[in-house]
Amino acid sequence: MEIEVTGGNEITLTGNIKSLKDYQDIKQAVSDMVAAGTDRILIRTPESFSITSSVIGFLMKVIFQDKVKITLYVRDPRLYSILEDLQLIETFNVIRTN
């Protein structure tokens with residue numbers, strides 16, 4: 001997975017989210033944004049068909065503890081389906097993209 005941070009509050013995750021390193025990279029990028037005072041983060045996942053439980057847990061912490069709104073743009077229907085099954089569509093403000 002490759003991570004690109006743009007505009008101070010936007011992250012694009014290219015590739016599949018699957019490893020501990022992916023989690024650590026996402027955590028670092030999001031934590032840096034939270035520390036900088038952002039109250040809204042946009043995360044784009046143009047390729048990933050999965051997401052690890054550690055990333056889900058961390059993003060939930062950011063939403064509920066740090067009070068940061070996250071919007072997750074998802075292209076792959078499998079990832080959308082996983083988030084739907086976990087009832088996280090509203091929590092992560094998931095938006096389907098083409």
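The values are calculated or read from the model by the stated rules, or taken from the named source; none is laboratory data. Predicted model only: the values in this text are computed from it and were never measured. With ideal geometry, Cβ positions are generated from the backbone for all residues, glycine too; neighbour counts draw on all protein chains shown. Note: areas computed on protein heavy atoms with side chains; ligands, DNA, RNA excluded. Shrake-Rupley method; radii C 1.70, N 1.55, O 1.52, S 1.80 Å.
Could you list, in sequence order, all residues of the range 71-98 that are open to solvent by less than 30 Å² (accessible area, probe 1.4 Å) and not aliphatic (A, V, I, L, M)?
T71, D76, F92 - these are the residues of the range 71-98 that are open to solvent by less than 30 Å² (accessible area, probe 1.4 Å) and not aliphatic (A, V, I, L, M).
Only one of these conditions is not met by A36: (1) open to solvent by 50 Å² or more (accessible area, probe 1.4 Å); (2) closer than 19 Å to I89 by Cα. Which number is it?
(2)
Condition check: more than 15 Å from L86 (Cβ to Cβ), in contact (Cβ under 8 Å) with a residue 24 or more places away in the chain and open to solvent by less than 20 Å² (accessible area, probe 1.4 Å). Does V68 satisfy that?
Answer is yes for this residue.
Any idea which of (1) among the acidic types (D, E); (2) open to solvent by less than 50 Å² (accessible area, probe 1.4 Å); (3) touching a Gly at 6+ places or on another chain (Cβ under 8 Å) is the one D25 doesn't satisfy?
That leaves (3) as the condition not met.
Sort out which residues of the range 67-98 are in a loop (DSSP other than H, G, I, E, B) and more than 22 Å from L20 (Cβ to Cβ), and write them in order of number. Before the answer, list the steps.
Of all residues in the range 67-98, those in a loop (DSSP other than H, G, I, E, B) come to 67-68, 75-76, 86-94, 97-98.
Listed by number, the residues that qualify are K67, V68, R75, Q87, I89, E90, T91, N93, V94, T97, N98.
Tell me whether the range 42-50 contains one or more residues that are in contact with a helix residue (DSSP H, G or I) (Cβ under 8 Å, 6 or more places away or on another chain), within 20 Å of L86 (Cβ to Cβ), open to solvent by 30 Å² or more (accessible area, probe 1.4 Å) and outside any helix (DSSP H, G or I).
Looking through the range 42-50, at least one residue is in contact with a helix residue (DSSP H, G or I) (Cβ under 8 Å, 6 or more places away or on another chain), within 20 Å of L86 (Cβ to Cβ), open to solvent by 30 Å² or more (accessible area, probe 1.4 Å) and outside any helix (DSSP H, G or I).
How do the pairs read when you match residues in the range 18-31 that are aliphatic (A, V, I, L, M) with residues anywhere that are in a helix (DSSP H, G or I), using Cβ under 8 Å and keeping only pairs 6 or more apart or on different chains?
L20/S54; I26/V55; I26/F58; V30/F58; V30/L59; V30/V62
Can T71 be described as out of contact with any Pro (no Cβ under 7 Å at 6 or more places or on another chain) and hydroxyl-bearing (S, T, Y)?
When the stated conditions are applied, T71 passes them.
Pick from N16, N9: which is in contact with a Lys or Arg (Cβ under 9 Å, 6 or more places away or on another chain) and not hydrophobic (A, V, I, L, M, F, W, C)?
N9
Being out of contact with any strand residue (DSSP E or B) (no Cβ under 6 Å at 6 or more places or on another chain), aliphatic (A, V, I, L, M) and at pLDDT 95 or above narrows it down to one of I70, I82, so name that one.
Exactly one residue qualifies, and that residue is I82.
Please pick out the residue among I17, I56 that is part of a helix (DSSP H, G or I), hydrophobic (A, V, I, L, M, F, W, C) and closer than 23 Å to N98 by Cα.
Of I17, I56, the one residue that is part of a helix (DSSP H, G or I), hydrophobic (A, V, I, L, M, F, W, C) and closer than 23 Å to N98 by Cα is I56.
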